[in-house]
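Data first, discussion second: the structure below is written as C-alpha cells.
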Amino acid sequence: MKNNFVSACTFFTSAMICFSLQAQQNLQGLYNQLRPVAQSSVNSESATGKGYTPHLTPLFALQEKTKSFHPNVYSTHSHTRVGSYPDTLIVGVKPYDTLIITGTLTHNGPIFVALNGVLIIKKATLTNLGDIDVFNHGKVIIDSSTLSFPQSYFYQRSLVLINKATVTISNTTLAYGGLSHNCEVADTAVLTLNNVTQPDWMTTGINNSGTISINGTNQAGEFILQDYCTLNIKHATNALLWHQFSDTSVINWSFGMHDTTYGYQFNNTKPGVRGIEYHVNADSVYDIMWGMMPSARSTVNITNSKIRSIGLWFDRPADSTQVSGMTDNATYSNFTTPLSDRTLTFSNCTVETWSFYVFHKSIINVTGCIAGEIGTENASKMYGTDYVVDGSGGYHWSADTSLIFADGATVYTYVRSEGNSLFIFAYGSVGGSGAEEAIDKSLLIMVQSSLPADPTAVNGGAAELDNINSPGNLFADSIAPVYGSAWIHRGPTSAWMYFKNWQLFYHAVDSSKWIPITGLDTNPASNSLLANWNTHSLASGTYLLELQVTDTWGNKVDAVREVTLLPLILGIDNLSASSGMNVYPNPNNGEFTIVESGKLKMENGKNNIEIYNMLGEKVYSQFSTLNSPFSINLSEEPNGIYLYRVTAEDGSLIGEGKLMIQK
C-alpha cells in the first residue's frame, strides 16, 4: 500500500510544482490513501518542551527568496524623490539619497534602502506595517528610538540585509507585537546591535559572508550559522546558536553542560572541527542554548553536552530516508541515530528537542518519533504515521511546493500549510495551543481528526474539513443522530477548488458494501446534524460510517469512523431511574412526565430539572416550585437517548436517569 501511495503522491506533487491550479487538477490519488490508523503507540506524555520554542520555517523560506533578490529600482520606479509612495518608502531611488526620521511616524508598508541610500532614524517612535529590506550598499542607522512592527501572525515581518548592506541599531527597542519575526543577513551585509531591547523572539539566518556583531541585548534570539558567516556576540541573554554541519563536515565536539559561556569560539582552526567555514565568538552570553543542524552525509560525534535542539537536514535530492526512534527530552549515554544517510553519535548528552527539515526534493518516512518541529519545502515530501510533534521546536508545516501526508499524528502546536504546498492531516489530533491554517496559496485538508477549532484559510489558501463527530451511545432498532463537518473554505484570493457536496454512508465491519444514509447534500455542514440514521433493520454490533466530501474538481475525500450500535434492550433497560425518579411513557414521542418513584419524598422548594443529549448538550432546563410530577415537551428534539437530572434548591441530587425519544 505504501508503494502505491508514494506513486500517487509523486504524480500529484510533480503536477503541483508549477502550481498552475488548472481546473480539474486531480488530487484523488492522494485521497484514496486516507484510512483510519490504530491509536498512537508513541508516548506523547513525554513530549514536554520547555523554555523558548524556536520556529525555523519562515527563515528557510526567506533565505530562498533572498538568494535571487537583486531588484532593479530604476526599472521599477521612475520617481526621483524619496517618500513618493503612499504605501512604500524607498530610500535610494536616486543614488546617495538620505532620509532622516525623527518624532512619531506610522508608515503603512515596506521600507527599501538601496544604491548607497541612507536612512537615519533618531529619537523617533516609528510604527511600520511592513518589512525593512536593505540591499545594494544601502545603509540604515537607528539610534535612541522605538520601532514597532505589528504582525497579524508570527513571522509576518522581516529585516533583510543583502549585497553589502549595513544596518547599525543602538539604544533602541525593536517590538514585533508579541510575536516572533525574521532577520536575514547574507552576502557581505553587516548588522550591528548595541544595547538593543527586544521583547520578541528573533530568528536570524546568517549565510554567505554575512556578519553580525552584538554588544548588549536582553534577548538575542536564535542564529542559523552557515557558509562563511561571522557571529560576534557578547553581553547578551537568551541566545540559541544553531551550528549547521554540511555534508563534508567531520565534527568531534563538546558544547558543555553550562547555561553561560565565556570566550566560546567555533571555527575550523579548532581541534575536532573540519568542513565548516563560519566563525563564532561568544562571550558573557547568559541562558545560552546549543543547537545543530547536521546534513545528510555529515559525520558528527558530540560528547558531554546539553543540547537544546537538533534540526536534522534532509537535503539530498531524490534521497528517501526512514526516520524513527528519536524522541524529545532524551538522555543518551551512548547513542547512534538509526539514520542511513549520515553518522550522528552522542556520548553523555541530553537532547531536549529533535526537529526534521526536508529540502530539495528529498523524501522522509517518519514513524514512532516525538519531534519538536517537522517541516518540508523545495518540492520535498514527508509521509508520517504514528508520530508526535510536541511544539518544543516550532510547529508542523509544509512550504513551497512540498507535500506532507500525516496519518495518525498527534500535534500540540500549529499545523500550517504555506507557499504552494499541500498538507493532508488524517486520523490524528491537534491539541495544546495548536491551531490549523492554510496561508499563501496552499491547501490544508483535515480528515477525521480531533481539533481544538476549525481550520482557517488566509489569502490564497484553502482549508477542507471532513469530520464525523464523536457520536456518543447509538442504539440498534432506533434513530441514531450523526453529527459532523463537511466543507471547504477558501481565502479571498484562492484559486483552489470549491465545495460541491457531501454524502453519508455505513456498512458493517464484516461487509464491504457501503449503504447510503443520506442523499447528496450541497449544503456545507459545520459541527451540525448530518443525519438521523435509521437503525431499525440493523443488528447490534460494530459499523463503519463514511462521510464523503466532493469538490468542484471531482475529487472525493472520505472520512471513516467506527461506531458501535448497542442493543436496544440495553438502552431500554437502562432507561429506568438510577435514583428516586421515573419517566413515563419511556420510550416516548417527546412528551413525557417525570415523577417520584416512591422511594423518596421531594421536599418543598425550587427543584431544577435538566436534560442533556448524548453529545452533552443541555436541551432543557427548568426550575419549579411544584413537587413531582414534571410534564415536559421535547417533541422538537431529534430521536435518541437523553439524560435527565433533578436537583434540589441546594444543588443536592434528587434523581437522574435516561429516557428515549422515538417518534
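The values are calculated or read from the model by the stated rules, or taken from the named source; none is laboratory data. Owing to the predicted nature of the structure, the values given are computational and were not obtained by experimental measurement. Please note: Cβ atoms are built from the backbone with ideal geometry, for glycine as well, and neighbour counts cover all protein chains shown. Just so you know, the surface numbers come from the protein's heavy atoms only, side chains and all, with ligands and any DNA or RNA stripped out. Shrake-Rupley method; radii C 1.70, N 1.55, O 1.52, S 1.80 Å.
Laid out as a table, the results:
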| read-out | value |
| --- | --- |
| All positions within region 378-402 that are in a loop (DSSP other than H, G, I, E, B) and touching a helix residue (DSSP H, G or I) at 6+ places or on another chain (Cβ under 6 Å) | Ala399, Thr401 |
| Neighbours by Cβ (under 6 Å, 6+ apart or cross-chain): first from region 541-564, under 17 Å from Ala476 (Cα atoms); second among the small types (Gly, Ala, Ser) and at pLDDT below 95 | Tyr543/Ala508 |
| Breaking point among (1) under 19 Å from Met446 (Cα atoms); (2) surrounded by 14 or more Cβ atoms within 10 Å (Cβ to Cβ), for Glu562 | (2) |
| Residue that is surrounded by the fewest Cβ atoms within 10 Å (Cβ to Cβ), among those in region 416-444 that are charged (D, E, K, R) and in contact with a Pro (Cβ under 8 Å, 6 or more places away or on another chain) | Glu437 |
| All positions within region 106-121 that are assigned to a strand (DSSP E or B) and open to solvent by 70 Å² or more (accessible area, probe 1.4 Å) | Thr106 |
| Check on Val351, part of a strand (DSSP E or B) and over 14 Å from Leu241 (Cα atoms) | yes |
| Subset tally (residues that are farther than 13 Å from Ala318 by Cα and not in a strand (DSSP E or B)) for region 358-377 | 4 |
| Complete set of residues in region 495-554 that are closer than 26 Å to Ala457 by Cβ, open to solvent by 40 Å² or more (accessible area, probe 1.4 Å) and assigned to a loop (DSSP other than H, G, I, E, B) | Ala495, Tyr498, Leu520, Thr522, Asn523, Pro524, Thr552, Gly554 |
| Looking only at region 445-474, and only at residues there that are buried (at least 23 other Cβ atoms within 10 Å of the Cβ) and either farther than 25 Å from Arg416 by Cα or among the acidic types (Asp, Glu) (or both), the one that is modelled with the lowest pLDDT | Leu474 |
| Candidates Thr367, Thr350, filtered to the one that is open to solvent by 30 Å² or more (accessible area, probe 1.4 Å), under 27 Å from Trp201 (Cα atoms), modelled with pLDDT of 95 or more and of a type outside the set (Asp, Glu) | Thr350 |
| Residue check for Trp201: in contact (Cβ under 8 Å) with a residue 60 or more places away in the chain, among the aromatic types (Phe, Trp, Tyr), crowded, with 24+ Cβ neighbours inside 10 Å and within 18 Å of Glu184 (Cα to Cα) | no |
| Residue satisfying condition, being open to solvent by 10 Å² or more (accessible area, probe 1.4 Å), in contact with a Ser or Thr (Cβ under 8 Å, 6 or more places away or on another chain) and not in a strand (DSSP E or B), within set Pro271, Pro317 | Pro317 |
| Check on Ser209, among the small types (Gly, Ala, Ser), part of a strand (DSSP E or B) and farther than 15 Å from Asn182 by Cβ | no |
| Residue check, Arg308 at pLDDT below 95 and open to solvent by 10 Å² or more (accessible area, probe 1.4 Å) | no |
| Those residues of region 261-313 which are basic (Lys, Arg) and on the phi < 0 side of the Ramachandran plot, in sequence order | Lys270, Arg274, Lys306, Arg308 |
